[in-house]
Structures are given as structure tokens and as C-alpha cells.
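Structure record follows, encoded as C-alpha cells.
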Amino acid sequence: MSEKTLFEKIVDREIPADIVYEDDDVIAIRDINPQAPMHVLVCPKKPITMVSSAQPEDAALLGTLLLKAGEIATAEGYGDRFRLVVNNGAAVGQTVFHLHVHVLGGRSFTWPPG
Ligand code: 5GP
């Protein structure tokens, strides 16, 4: 059996985290190294490595991640001004190989992103 991912260990309470939301399918935690006043990671409990490894049967779960990201941003007071980031691959900055959506808010953001 392969090693648990960071987020699986958090789900299993093997690593502590500031959990802002959890249900049967999703966990959302505050990033340990926040890049904005609000920086939450919304993760499927299913350890999908990255967007490009998701399968058609994951479509509803991928949709749930976006819906939860919006609900969390709204609950945090940034419902009309937040940014979502999903890194796909080490070359673009992915460091945790368990799919997650960064939900960022509370500062200005530039475009194009860096
Ligand atoms: P990535 O670079 O893969 O898109 O994002 C991984 C994120 O996980 C980073 O923003 C990093 O700060 C965060 N992170 C890494 N280790 C931990 C941890 O142990 N706990 C929490 N809450 N976040 C972590």
C-alpha cells in the first residue's frame, strides 16, 4: 500500500491542522504558510494526485471542491473577492501530490498570476 499523503494524514488526525470544514468527501484546512489573510486548502478525501490524473467518475467530486471553495470564501467574508489556484505538477509549484484548491482572499492580486 502506498504511503499516505499529507492530507490523508490530516484526515486521519495523524497530523494536526486547523480544519475549517469537513464532510464525507472533502476537508478544508488553513494553509500552514498562508499567502493571504485567507488561505484555505480544499481537498477531496479521495487522494487524487492532481487535476490531470482525475477521471470522469471524479466529475461530481471536482465540482464539489469548487462549490465548497465558494462557500468557505463566503463564510470567511470574501464571497465576492477571492482567488482559486490549483497547481498541477511540480513544474508549476505543486508540492503536495494530493489534489487541493487554494482559496485566497484578503489582499490584492495581480493578473497575470506569477
Ligand atoms: P501546492 O504547492 O502543492 O499547490 O500547495 C501545498 C500547500 O500545502 C502549500 O501552500 C503549503 O504551505 C501547504 N502545506 C504544506 N504542509 C502543510 C501542513 O503540514 N499543514 C498545512 N495546513 N498546510 C501545509
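Here are the numbers for the structure shown:
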item: Top-ranked residue of the stretch 69-90 - restricted to ones that are near the ligand (Cβ under 10 Å from one of its atoms) and small (Gly, Ala, Ser), ranked as surrounded by the fewest Cβ atoms within 10 Å (Cβ to Cβ); result: 90
item: Scan of the stretch 98-114 for residues that are part of a loop (DSSP other than H, G, I, E, B) and buried (at least 17 other Cβ atoms within 10 Å of the Cβ), ordered by number; result: 98, 99, 100
item: Check on residue 26, open to solvent by 40 Å² or more (accessible area, probe 1.4 Å), among the β-branched types (Val, Ile, Thr) and touching a Lys or Arg at 6+ places or on another chain (Cβ under 7 Å); result: no
item: Tally of residues being open to solvent by less than 30 Å² (accessible area, probe 1.4 Å) and touching a residue at least 40 places away in the same chain (Cβ under 8 Å) across the stretch 32-68; result: 10
item: Residue that is farthest from residue 3 (Cα to Cα), among those in the stretch 91-114 that are near the ligand (Cβ under 9 Å from one of its atoms) and more than 12 Å from the chain's Cα centre (by Cα); result: 92
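The values are calculated or read from the model by the stated rules, or taken from the named source; none is laboratory data. As the structure is a computational prediction, the values presented were derived from the model and not from experiment. Because the Cβ atoms are built from the backbone with ideal geometry, glycine has one as well, and the counts that use them run over all protein chains shown. Heads up: the accessible areas ignore ligands, DNA and RNA and are worked out on the full protein's heavy atoms, side chains in. Shrake-Rupley method; radii C 1.70, N 1.55, O 1.52, S 1.80 Å.
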